[in-house]
2 protein chains.
Amino acid sequence: MGGIAGKIGGIGLMKNYAQLRQEVEKTLRELQLWKGEPQALYQPAVYALGQGGKRIRPVLALMACGLFGKDYREALMPAVGLEVFHNFTLLHDDVMDNAAMRHGMATVHVKWNADTAILSGDAMFAAASCLVAKAPKDCLPEVLDAFHRLALGVCEGQQYDMNFETQSEVSKSEYMEMIRLKTAVLIAGSLEIGALVAGAPQEDVKRLYAYGNKIGLAFQLQDDWLDLYADESKFGKRIGGDIRENKKTYLYVRAIENLKETDRKKLEALFTSTGMNEEEKIATVKALFEKANAHEDCRAAVNQLFAEAGTEIDALVSSVDSDTLHALKAFTAGLLGREY
Amino acid sequence: MGGIAGKIGGIGLMKNYAQLRQEVEKTLRELQLWKGEPQALYQPAVYALGQGGKRIRPVLALMACGLFGKDYREALMPAVGLEVFHNFTLLHDDVMDNAAMRHGMATVHVKWNADTAILSGDAMFAAASCLVAKAPKDCLPEVLDAFHRLALGVCEGQQYDMNFETQSEVSKSEYMEMIRLKTAVLIAGSLEIGALVAGAPQEDVKRLYAYGNKIGLAFQLQDDWLDLYADESKFGKRIGGDIRENKKTYLYVRAIENLKETDRKKLEALFTSTGMNEEEKIATVKALFEKANAHEDCRAAVNQLFAEAGTEIDALVSSVDSDTLHALKAFTAGLLGREY
């Protein structure tokens, strides 16, 4: 790593995604915490964390720390805590959503049972808080404040998401607020925590948060789009899963807003139907989405958010480490399937 | 309040249980946190916290703080956080134990559903962490360390308790370790956190923790005993509930250890039976407990722990506020149904 960061500590600092991810994996795996008793409590945590995942949140926290010229290792424990927190939410969400698979493996409540997913999830939340609290003492209150804000936000987002299941009409702005809370605040909060550990000026902490928020929103919209348009072999899940589960995604919400009454009623009926041939249902819904131009609308929103994110990060006032900036931009562009 | 504490801030400080409890109630009720959106997330938390309870943990934290001559209000937010944490564990435990009633009211998963109990519980855990993190900055890392230790401990205790359901033999020492984790670490940790906020010397923090641990263990054993010997009108739940649920309490564990083979097998059979007349089952089990002298054994253990707790608190090296010490001793004695 070049710039200021490379000189701290006198040893070369890792800088790119692959290297940071590896460091996160190693730290996660070697945490003493998981060796505690009873193992019935900790094994599901180790299993869930071993299912993989891109480690987006800790890597973002580490990059944010490095960006302001601080040794990224100062943020390592909080960063790993954010990944543990993320996985805790997955354990509980999978119970609530009755999801059977994640990363091609059985979810914890399927492999064990719901009680195990609840309790091991709780222990993971406690462990996550414990790791985040290992932030340097001088920035600890600010880091904790950011962490608690994001933790409550994620709960609020999940609640809105559950409300949507039985709520007949969901507006675009309600949908955007839900994904902001459920997805974007954790992405944004990870960057914020990394920047706080680095002692970045408040203005830049806010900019990086805004950047993360835009990236997080774009990431979720992209995911909604990929549900129908992904290359199944690379996507890791079956095409049309959201439609199978009658999930009110951005595509659905926009289609409902854009379609004329007859088609709107048809789409609404499809999302309450049961027992219909699944492939037929997916094809019919897809056609309605496209008739409403919801798919193009979604792509445009992703582009717009990505552009806005770029504006935020280019407006940082600090003199940042250019290699880390490059790595961060490349990483987030990659998350959205873009070249950088 | 006399002594040093009474002079801080120039206004009289509350000192006894009733007054401190009232302050906790008021603070809990007025937390801005519960006014957030979506209300579907926060209403169950307000409901659960409104079900009552003795507010043992926050009162202990406040008393511990006052004991060392510090204004108890310094510990108010962490104390309230401990109550929110305790109630979070109740929400999740009630799902896992399939408990329908608490303090004579429907539990959250019954009044709403399991998903609500899980998610609102998670939000309460986040809120609890947030409140505990409002401890004064100079003791924050120590307070958080105590909080995370107790949070993981409570999860471990609940896991052992769940393991016991399917574990054929539970030894007395396994049982004591389970209740230490499930009940005593939160009582002890509450006193510890109060003492840490007060800046008590490490030696006294440890003594107060040991005191809380003994009181917590005694409190649980007392509860096990009350399941059969309480005055039902004061107890707030039906006599014999633990037996109805085949719960391996101290009475059961001791009876199994003390009974000769024939009676032991009879007791074991009773605890796996279903469909038996409940009153008959309770009477038969009670007779076996008494044959094994488990009830006297339990009383003796409570007395022993209470005496040991007294030794711990009388060995504090600091010059403590005598009114607060009196209030603390009276409160804990009262919890165990004793005069002071």
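The values are calculated or read from the model by the stated rules, or taken from the named source; none is laboratory data. Values in this document were obtained by computation on a predicted structure and should not be read as measured data. Cβ coordinates were reconstructed from backbone atoms using ideal geometry, including for glycine residues, and neighbour counts include every protein chain displayed.
Scanning region B:240-259 for residues that are more than 26 Å from the chain's Cα centre (by Cα) and either closer than 19 Å to B:Y229 by Cα or without any contact (Cβ under 8 Å) to a residue 40 or more places away in the chain (or both) yields B:N258, B:L259.
Determine if region A:100-107 includes at least one residue that is basic (K, R), at pLDDT below 95 and under 18 Å from the mean Cα position of the chain (by Cα). Yes, that holds for at least one residue.
Each residue in region B:297-329 was checked for being surrounded by 14 or more Cβ atoms within 10 Å (Cβ to Cβ) and outside any helix (DSSP H, G or I), and 4 pass. Taking the numbered list (1) more than 9 Å from chain A (Cβ to nearest Cβ); (2) under 21 Å from the mean Cα position of the chain (by Cα) in turn, B:E142 passes all entries but (2). The number of residues in region B:157-189 that are buried (at least 24 other Cβ atoms within 10 Å of the Cβ) and more than 15 Å from the chain's Cα centre (by Cα) comes to 1. Filtering region A:42-77 to residues that are in contact with a Ser or Thr (Cβ under 6 Å, 6 or more places away or on another chain) and within 14 Å of another protein chain (Cβ to nearest Cβ) leaves A:P44, A:A45. Which of the residues belonging to region A:7-49 are modelled with pLDDT of 95 or more and assigned to a loop (DSSP other than H, G, I, E, B)? Within region A:7-49, A:L31, A:G36, A:E37, A:P38 meet the criteria. The single residue among A:T262, A:T284, A:T332 that is free of Cβ contacts under 8 Å to residues at least 60 places away in the same chain, hydroxyl-bearing (S, T, Y) and surrounded by 14 or more Cβ atoms within 10 Å (Cβ to Cβ) turns out to be A:T284.
Taken over region B:220-245, residues that are touching a helix residue (DSSP H, G or I) at 6+ places or on another chain (Cβ under 8 Å) and on the phi > 0 side of the Ramachandran plot amount to 1. Within region B:100-113, residues that are of a type outside the set (A, V, I, L, M, F, W, C) sit with their Cβ atoms under 7 Å from residues that are part of a strand (DSSP E or B), at 6+ positions apart or across chains, in these pairs: B:T107/B:M101. Which condition from (1) under 21 Å from the mean Cα position of the chain (by Cα); (2) part of a helix (DSSP H, G or I) is the one that B:E74 breaks? Single failed check for B:E74: (1).
Restricting the search to helices (runs of 4 or more DSSP H) fully inside region B:103-210 and requiring at least 1 residues that are of a type in the set (D, E) gives B:114-132, B:140-166, B:172-179, B:185-197.
Can you name the residue in region A:265-278 that is touching a residue at least 12 places away in the same chain (Cβ under 8 Å) and more than 16 Å from A:Y175 (Cβ to Cβ) and is also surrounded by the most Cβ atoms within 10 Å (Cβ to Cβ) among such residues?
A:L270
Scoring B:V205 on the criteria (1) buried (at least 21 other Cβ atoms within 10 Å of the Cβ); (2) within 14 Å of another protein chain (Cβ to nearest Cβ) leaves a single failure, condition (2).
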